[in-house]
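The block underneath contains the structure these notes are about, expressed in structure tokens.
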Amino acid sequence: DGGYRDNPPAADGTKVILTDTDHLWGIGGNQAWVWKSFLRGMNPIFMDPYHDPDHGQPVDPMWESIRRNMGYTRKYPQRMDLAHMTPRDELASTRYCLAHPGAEYLVYLPQGGAVTVDLSACAHELTVEWFNPTSGETVGGAAAAGGTQREFTAPFEGDAVLYLRSPRP
């Protein structure tokens, strides 16, 4: 209930929300679910299927994308000022944006392509970085001026993550 599988609602910060694949699907999820949950201010948890490679049960490669993307989402808070970031769906045309307006924006593009981001709160340039959740590759982009809405286009096919950051404290 509530769209937590496909389009989770934004957390309002009044409590910690753990989105657990075990309670949403039993066994399920995908890399888009990981990013959507994270950018809506939740803490995604993957209930890995019960396999034991030590006893002849192979680890199912079907779930490797979720495992990798759980790790990728973990790396962003180590670089960001996560304590000041909140879900701000209205700032990105894809509706998946975690932001500290004027300072940092992390945006998910489930279909890839282009996204419009409202940078009105930022009076200076931001660095632009693209992340490919499928390959794990990072691609830099040209700096973007703040002060208005800007359109950004992913430099690769498939879903994408856009990270905008002000070099100023």
**Report entry** Identity of the residue in the range 17-50, more than 16 Å from Ser65 (Cβ to Cβ) and more than 17 Å from the chain's Cα centre (by Cα), that ends up most open to solvent (accessible area, probe 1.4 Å)
**Finding:** Tyr50
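Restricting attention to the range 113-130, which residues are among the small types (Gly, Ala, Ser) and on the phi < 0 side of the Ramachandran plot? Write out each step before concluding.
First, the residues of the range 113-130 that are among the small types (Gly, Ala, Ser): 113-114, 120-121, 123.
Within the range 113-130, Ala114, Ser120, Ala121, Ala123 meet the criteria.
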Query - Scan of the range 128-155 for residues that are touching a residue at least 40 places away in the same chain (Cβ under 8 Å), open to solvent by 40 Å² or more (accessible area, probe 1.4 Å) and part of a loop (DSSP other than H, G, I, E, B), ordered by number - result: Thr134
**Report entry** Any pair with Cβ under 9 angstrom, 6 or more apart, that starts in the range 102-127 at a residue that is over 14 Å from Glu151 (Cα atoms) and ends at one that is surrounded by fewer than 24 Cβ atoms within 10 Å (Cβ to Cβ) and of a type in the set (Asp, Glu)
**Finding:** Ala103/Asp81; Glu104/Asp81; Pro110/Asp159; Gln111/Asp159
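In this structure, is Ala103 under 12 Å from Leu164 (Cα atoms), open to solvent by less than 10 Å² (accessible area, probe 1.4 Å) and either small (Gly, Ala, Ser) or modelled with pLDDT under 95 (or both)? Let's see the steps before the verdict.
On the way: under 12 Å from Leu164 (Cα atoms): yes; open to solvent by less than 10 Å² (accessible area, probe 1.4 Å): no; either small (Gly, Ala, Ser) or modelled with pLDDT under 95 (or both): yes.
No: the conditions fail for Ala103.
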Query - Looking only at the range 63-90, and only at residues there that are over 12 Å from Gly41 (Cβ atoms) and not in a helix (DSSP H, G or I), the one that is least open to solvent (accessible area, probe 1.4 Å) - result: Met80
Query raised in the report: Would a scan of the range 38-50 turn up a residue that is at pLDDT 85 or above and in a helix (DSSP H, G or I)?
Result: yes
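The values are calculated or read from the model by the stated rules, or taken from the named source; none is laboratory data. If you're wondering where the values come from, they're calculated on a predicted model, not measured in any experiment. All Cβ positions, even for glycine, are placed from backbone atoms using ideal geometry, and neighbour counts span all protein chains on display. Accessible surface areas use protein heavy atoms only, side chains included; no ligands, DNA or RNA. Shrake-Rupley method; radii C 1.70, N 1.55, O 1.52, S 1.80 Å.
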